[in-house]
Amino acid sequence: MTDPRTIIIEPVLSEKTYALLAANKYTFRVHEQATKVQIRQAIEQQFGVRVRDVRTAWVKPKPKRRGLYAGHRRRWKKAIVTLHPEDSIELFEGQASD
């Protein structure tokens, strides 16, 4: 699991993540077995930025119903990455103006 594309699955786009952009923090959905060091290296390689801090959290599964049948979504791991004040990721910046 050394390829950055397997570690970083997708960016998380929500109101909360757009609020974190003011503090230069970016949120990503990451592989369940990825460590903080691997996440840091993947972000630095893929986007060419300097990472200051990586915080990870597990997102709990939400209960779902489909008629009579009950189940739940899968849990997933997210990483909140703090960048150096001079760096930014354009992937988020282009959509923050909406």
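The values are calculated or read from the model by the stated rules, or taken from the named source; none is laboratory data. Note that this is a predicted model, so its numbers are computed, not measured. Cβ atoms come from the backbone with ideal geometry, glycine included; neighbour counts cover every protein chain shown.
For segment 1-20, filtering for residues that are surrounded by fewer than 16 Cβ atoms within 10 Å (Cβ to Cβ), touching a Phe, Trp or Tyr at 6+ places or on another chain (Cβ under 9 Å) and more than 16 Å from LYS77 (Cβ to Cβ) leaves 2. For ILE9, the requirement of being among the hydrophobic types (A, V, I, L, M, F, W, C), assigned to a strand (DSSP E or B) and within 16 Å of LEU91 (Cα to Cα) is met. Among residues that are among the acidic types (Asp, Glu), assigned to a strand (DSSP E or B) and out of contact with any Cys (no Cβ under 6 Å at 6 or more places or on another chain), ASP87 is not included.
In the set ARG40, ARG29, only one residue is assigned to a strand (DSSP E or B), surrounded by 13 or more Cβ atoms within 10 Å (Cβ to Cβ) and not hydrophobic (A, V, I, L, M, F, W, C); that residue is ARG29. Just the residues that are within 22 Å of SER88 (Cβ to Cβ), surrounded by 11 or more Cβ atoms within 10 Å (Cβ to Cβ) and of a type outside the set (Lys, Arg), please, taken from segment 43-74. Passing the criteria: ILE43, GLU44, GLN45, GLN46, PHE47, VAL49, VAL51, ASP53, VAL54, THR56. The residues of segment 75-93 that are modelled with pLDDT of 95 or more, under 18 Å from ILE8 (Cα atoms) and either exposed (fewer than 15 other Cβ atoms within 10 Å of the Cβ) or in contact with a Ser or Thr (Cβ under 7 Å, 6 or more places away or on another chain) (or both), listed by number, are ARG75, LYS77, LYS78, ALA79, ILE80.
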